[in-house]
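Undergrad: My questions will all concern the structure given below.
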Amino acid sequence: MINHENNASLQKALSPFLENCKSVGFVPTMGALHKGHISLVEQACNENDCVVVSIFVNPTQFNKAQDLEKYPRTLESDLKLLKSVKGNVFVFSPNVSELYENNITSKKYNFSGIENEMEGKHREGHFDGVGTVLNLLFRMVKPNKAYLGEKDFQQLEVVKKLVEIEKLPVDIIGCSIVREKSGLAMSSRNKRLNEDQLKEAALIFKTLTEVQQNFDVLNFSQLNKLVENTFDKNQFLELEYFEIANSKTLKTESNNSPNTSYRAFIAVFVDGVRLIDNIALN
Ligand code: AMP
């Protein structure tokens, strides 16, 4: 498996597929790959003739320089993991100038307001950065379908809007969250946690499950309190936000209206490492 560092080399490798009207699946990632990423690649391989996996730590989506700096970079083991997937997988790991040329800035987007909720409130400019890099990548890779995880549910909804705004001919496929045995959502950032912290972090999904189980029994204010109390009692985890939101608009809601789909979203710090998760409530 060859790792393509520039688009010309990637396009050359893809050309035999494109000439025969074969379908191209695309899995954009920031590397430090785990089984969650691999599940996306496997689904893409099952549904397409060939699959491009990009590995690119995107500077414009980080609002804290330190977070960008500390983001794990593990290209060699990523390539090893991708080799184990059956299918025509092409790796694209451009450097910053290959994608951005000399202009490392974000385009300003209006994603109908969903970019201002939750992650948008806590990570200023984050979704402009995500939209900018995916617009560049989609135009280079030209996939038929792109696979994104529900782990970043708000990002998934933003990307659906992005392809409408940019009129990109790509289907966006949402894929289920892959979890550790403890329930903790797999994440590249988990690599920054030690064994004890990983054990503590299991409380995130345990709490989301408790909210889901009590969704018909408690009102939203009681559910919010339940989560706050749970994290107040834990000295290792710091709750940044917990919100029950409309699954379509991603706006926080305070009452359970009929015929509405809800999801709970959470962000928690474990010794400075920021983890997010979410769950469908009904
Ligand atoms: P990242 O490398 O964190 O930018 O993630 C790349 C893609 O993998 C995104 O679409 C994520 O939502 C998805 N992803 C990350 N973790 C998981 C997981 N645990 N389960 C499913 N998809 C995931």
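The values are calculated or read from the model by the stated rules, or taken from the named source; none is laboratory data. Predicted, not measured: the structure shown is a model, and the values here were computed from it. All Cβ positions, glycine included, derive from the backbone under ideal geometry; neighbour counts span all protein chains shown. These accessible areas exclude ligands, DNA and RNA; they are computed on the full protein's heavy atoms, side chains included. Shrake-Rupley method; radii C 1.70, N 1.55, O 1.52, S 1.80 Å.
Undergrad: Specify the residue that is most open to solvent (accessible area, probe 1.4 Å); the eligible residues are those in segment 225-250 that are free of Cβ contacts under 8 Å to residues at least 60 places away in the same chain and among the aromatic types (Phe, Trp, Tyr).
TA: Checked segment 225-250; the qualifying residue most open to solvent (accessible area, probe 1.4 Å) is PHE236.
Undergrad: Right, something else. Exactly one of (1) open to solvent by less than 70 Å² (accessible area, probe 1.4 Å); (2) part of a loop (DSSP other than H, G, I, E, B) is unmet by ARG73. Its number?
TA: Only one criterion in (1) open to solvent by less than 70 Å² (accessible area, probe 1.4 Å); (2) part of a loop (DSSP other than H, G, I, E, B) is unmet by ARG73, namely (1).
Undergrad: Here is a further query. When segment 203-221 is examined, which residues are found to be assigned to a helix (DSSP H, G or I) and open to solvent by less than 30 Å² (accessible area, probe 1.4 Å)?
TA: Within segment 203-221, ILE204, THR207, LEU208, VAL211, PHE220 meet the criteria.
Undergrad: OK, next. For the subset of segment 76-104 comprising residues that are outside any loop (DSSP other than H, G, I, E, B) and in contact with a Cys (Cβ under 9 Å, 6 or more places away or on another chain), which member is surrounded by the fewest Cβ atoms within 10 Å (Cβ to Cβ)?
TA: The extreme case among them is VAL89.
Undergrad: Would you call ASN20 more than 13 Å from the ligand (Cβ to nearest atom), within 22 Å of ASN135 (Cα to Cα) and at pLDDT below 95?
TA: Numbers: more than 13 Å from the ligand (Cβ to nearest atom): yes; within 22 Å of ASN135 (Cα to Cα): no; at pLDDT below 95: yes.
No, not satisfied.
Undergrad: Filter segment 149-173 for residues that are near the ligand (Cβ under 8 Å from one of its atoms) and in contact with an Asp or Glu (Cβ under 9 Å, 6 or more places away or on another chain); which is least open to solvent (accessible area, probe 1.4 Å)?
TA: This residue is LEU156.
Undergrad: Those residues that are among the β-branched types (Val, Ile, Thr) and surrounded by 14 or more Cβ atoms within 10 Å (Cβ to Cβ), I need them from segment 105-136; list them, please. Before you say what the answer is, go through the steps one by one.
TA: In the first step, residues of segment 105-136 are kept if they are among the β-branched types (Val, Ile, Thr); the result is 105, 114, 130, 132-133.
Answer for segment 105-136, where residues must be among the β-branched types (Val, Ile, Thr) and surrounded by 14 or more Cβ atoms within 10 Å (Cβ to Cβ): ILE114, VAL130, THR132, VAL133.
Undergrad: List the number of the failed condition for GLU115; all other conditions in (1) within 19 Å of the chain's Cα centre (by Cα); (2) within 23 Å of ALA8 (Cα to Cα) hold.
TA: (2)
Undergrad: Still on this structure, I have one more. With at pLDDT 95 or above, in contact with a Ser or Thr (Cβ under 9 Å, 6 or more places away or on another chain) and under 19 Å from ASN103 (Cβ atoms) as the only criterion, which of VAL141, VAL133 stands out? Don't jump to the end; show me each part of the working.
TA: Details: VAL141 fails: under 19 Å from ASN103 (Cβ atoms).
Among VAL141, VAL133, only VAL133 is at pLDDT 95 or above, in contact with a Ser or Thr (Cβ under 9 Å, 6 or more places away or on another chain) and under 19 Å from ASN103 (Cβ atoms).
Undergrad: Here's another thing I want to ask about it. From the list ILE114, ILE104, which one is away from the ligand (no atom under 12 Å from the Cβ), modelled with pLDDT of 95 or more and in contact with a Pro (Cβ under 8 Å, 6 or more places away or on another chain)? Give the steps one after another, and end with the answer.
TA: Details: ILE114 fails: in contact with a Pro (Cβ under 8 Å, 6 or more places away or on another chain).
On inspection, the qualifying residue turns out to be ILE104.
Undergrad: Under the condition of being farther than 11 Å from LEU168 by Cβ and either touching a Leu at 6+ places or on another chain (Cβ under 6 Å) or open to solvent by less than 10 Å² (accessible area, probe 1.4 Å) (or both), which residue from segment 137-148 is nearest to the ligand (Cβ to nearest atom)?
TA: Per the stated criteria, the residue is LEU148.
Undergrad: Hey, does segment 26-38 have a residue that's within 15 Å of the ligand (Cβ to nearest atom), in a helix (DSSP H, G or I), of a type in the set (A, V, I, L, M, F, W, C) and assigned by TED's automatic domain parsing to the domain that holds VAL163?
TA: Going through segment 26-38, the residues within 15 Å of the ligand (Cβ to nearest atom) turn out to be 26-38.
Filter again for in a helix (DSSP H, G or I), leaving 35-38.
Those left that are additionally of a type in the set (A, V, I, L, M, F, W, C): 38.
Next, only the ones that are assigned by TED's automatic domain parsing to the domain that holds VAL163 stay: 38.
Yes: segment 26-38 contains one or more residues that are within 15 Å of the ligand (Cβ to nearest atom), in a helix (DSSP H, G or I), of a type in the set (A, V, I, L, M, F, W, C) and assigned by TED's automatic domain parsing to the domain that holds VAL163.
Undergrad: Among PHE62, PHE26, which is the only one that is out of contact with any Gly (no Cβ under 8 Å at 6 or more places or on another chain) and among the aromatic types (Phe, Trp, Tyr)?
TA: Numbers: PHE62 fails: out of contact with any Gly (no Cβ under 8 Å at 6 or more places or on another chain).
Being out of contact with any Gly (no Cβ under 8 Å at 6 or more places or on another chain) and among the aromatic types (Phe, Trp, Tyr) holds for just one of PHE62, PHE26, which is PHE26.
Undergrad: Go through segment 97-109 residue by residue and tally those that are touching a residue at least 12 places away in the same chain (Cβ under 8 Å) and either over 20 Å from the mean Cα position of the chain (by Cα) or farther than 30 Å from LYS80 by Cα (or both). Don't jump to the end; show me each part of the working.
TA: Just the residues of segment 97-109 that are touching a residue at least 12 places away in the same chain (Cβ under 8 Å), to begin with: 98-100, 104-109.
Still in the list and also either over 20 Å from the mean Cα position of the chain (by Cα) or farther than 30 Å from LYS80 by Cα (or both): 98, 100, 104-109.
Count: 8.
Undergrad: Taking interchain pairs and intrachain pairs at least six residues apart, which have beta carbon atoms under 8 angstrom, with the first residue in segment 127-151 and under 12 Å from GLY25 (Cβ atoms) and the second of a type in the set (Phe, Trp, Tyr) and more than 13 Å from the ligand (Cβ to nearest atom)?
TA: Filtered contacts from segment 127-151: VAL141/PHE92; ALA146/PHE138.
Undergrad: Sticking with this one: Among the residues of segment 174-206, write down those that are near the ligand (Cβ under 10 Å from one of its atoms) and in contact with a Gly (Cβ under 9 Å, 6 or more places away or on another chain).
TA: Result: GLY174, CYS175, SER176, ILE177, VAL178, ARG179, ALA185, MET186, SER187, SER188.
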